[in-house]
Structure formats: structure tokens, C-alpha cells
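Okay, structure first, notes after.
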Amino acid sequence: MLGLGSSLATGGGVSEVLLTDISDLSLYLQNGVGVAVAQWDDSSGNDNHATQGTSGDQAAASGGGLLFVDDEGDHYDLVTDIEFSAQEGFTIFTTLTLTEHDSNQTLLGQNNVDHFLEFVTGGNNLKVRTDSATTTISPGDGSQGDFEASEKFVLTVVRESGSTGNLHVYKNGVLLAQDSQAANAGAAEFISVGVRNANRFLNALLLDLAVYEKQLDADELADAHSYLTNYHGV
């Protein structure tokens, strides 16, 4: 399996390799860069900014990111869709602190019920929906596999390229064992941040979000995890 390992975070200072140094970066909402309540600028170079023109739906700026409140309907739309063809690998990084676990919460969506990546109620599982299927990723019990409320952590979701579409999840650079292997090779499309279909709003402090249109290899993952875990102190 290309690019997989039990622990890819390294000690010491922040990695000299930045996320922008890794190829095929499609979206990068970077901590502390271009953050405002109406727009979080895309630092990938693609100008795919996250925007929200309705003041009542805007998250509050906090900690170099945005604080989303689910019962206020906070959410953003990207300028253009991020699309993955069937069997295409992808890698998604986010650093966040979930506020509550009382409902499903969407990280990325499509403003419909066909495509989304979300946290499942209770904070232990993730759910991925593409146009072909819904897949639940269950990293198992225990503190390492749980996404605790009020805990800042770096989450990584990697989909292998190829027909299996195996999904792997890392927390703070450590690969999480799953109850059973999750897989979803379907075509995927995301344009919304923090909302599924006018529901399942995110309830979290989102500190950064990066999406690559490929399965990162082992060295790239190690560099990204080193940078993010050291930068955020997790």
C-alpha cells in the first residue's frame, strides 16, 4: 500500500517542507492566512476561496481559523467544485477542535445528499458518501481512535488510487486501526465546507483544511504530518 505507515509525524521543529511544496494541492485554507468571516482565501494558488455572503451564516474568526456553530447554520461554499473521478486517489488534511458530538457534522459536502465527508454522532466514526455508496470508517475504540470534543487534532483521510478505493485515517500523523477495512472508489465532488444539504452543520473550530487530488506517497505524508503536528502543537 503506497504511502502507509503506523506513524508519520516526526519530532523537532516544523518541517521545512510546506503543504504548498507538495504537488496536486487543490485547496488550502491555511491557518492565519487570508481569514475573514466573509471569505477564507485559498492558499493553494487556485483561488478556490471559501466564501459566505450571508452574515447570519458566517462563522466567527478565532485562532487563525473559523469557529462554526451548527445551530446558527455556519457554512461556506468554494468558488469551484473539487472533483475526483472514480478510482482516483485523494488526500484530505484538516486541523480542528470539535465542539460537540450530538449530531452528524459535515466537513466537506456538495449541498446535496450525494457527496460528503462527515463526523458521525458520538465522535468515533467518519462517513464518506460518493455518488456510488456511503461508507462508514470505524477506527476502533480507545482514545487514539476517538475524536473527542474540545480536543485539537490533525485528521488525515487518504483514499488509495485504484479499484478498491481503500480509505485510511490518521490522527495526529498516526495511522488508526479500523474495525474492518473501509473502501469507496466512487466519483466524489465537494463544494461546501461545514454543511451537507442545508443540514448536518459543522460544530467546530476549523483551523486549516487542505485537499490534494492524489494519494500522497509515504515521504509526502511524513512531511505534511510533521509540518501540521508541529505547527499546531499536537
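Read the figures in this text as sums done on the coordinates, not as results from a lab. All values derive from a computational prediction rather than experimental measurement. Note: ideal-geometry Cβ built from the backbone for every residue, glycine included; neighbour counts use all protein chains shown.
Observations on the model:
- Only one item in (i) 39; (ii) 33; (iii) 25 matches percent of Cα pairs over 27 Å apart derived from the coordinates shown, and that item is (iii).
- Part-to-part distance (alpha-carbon centres) for region 125-203 and region 60-118, which is given in Å: 11
- Nonlocal amide H pairs with Asn166, under 5 Å, H built at 1.01 Å: Glu160, Asn184
- Modelled spin labels at Ala60 and Asp24, positioned 7 Å past Cα toward Cβ, are 3.9 nm from each other.
- What the phi angles of region 219-234 give under the Karplus curve with 6.51, -1.76 and 1.60, with θ = phi - 60°, is a coupling list of 5, 5, 4, 4, 5, 5, 5, 4, 4, 5, 5, 6, 4, 8, x, 10 Hz, glycine and proline written as x.
- Its alpha carbons give region 62-106 an Rg and a Dmax of 13.9, 37 Å.
- Near Lys171, once Lys and Arg are set to +1 and Asp and Glu to -1 for all other residues with Cβ below 13 Å from its Cβ, the sum equals -2.
- For the chain, built as a Gaussian network whose Cα springs stay under 10 Å, the top-fluctuating residue of Thr54, Thr20, Thr134: Thr54
- GNM result for the chain, Cα springs below 10 Å: residue of Ser62, Ser44, Ser180 fluctuating most strongly: Ser180
- Basic side chains Lys and Arg get +1 at the Cβ, acidic Asp and Glu get -1 at the Cβ, and with that the dipole of the chain about its Cα centre reaches some 340 debye.
- Relative contact order (percent, whole number), the chain, Cα cutoff 8 Å, 6+ residue spacing: 32
- Of Ala50, Ala38, Ala188, the one that fluctuates the most in a GNM where the chain has Cα springs shorter than 10 Å: Ala38
- For region 118-130, 3J(HN,Hα) per residue [Karplus equation, 6.51 cos²θ - 1.76 cosθ + 1.60, θ = phi - 60°, Hz, x = Gly/Pro]: 9, 8, 8, 3, x, x, 9, 10, 10, 10, 10, 10, 10
- Value at 222 nm in deg cm²/dmol, rounded to 500, when DSSP H runs of n ≥ 4 in the chain each add -39,500 (n - 2.57): -2000 deg cm²/dmol
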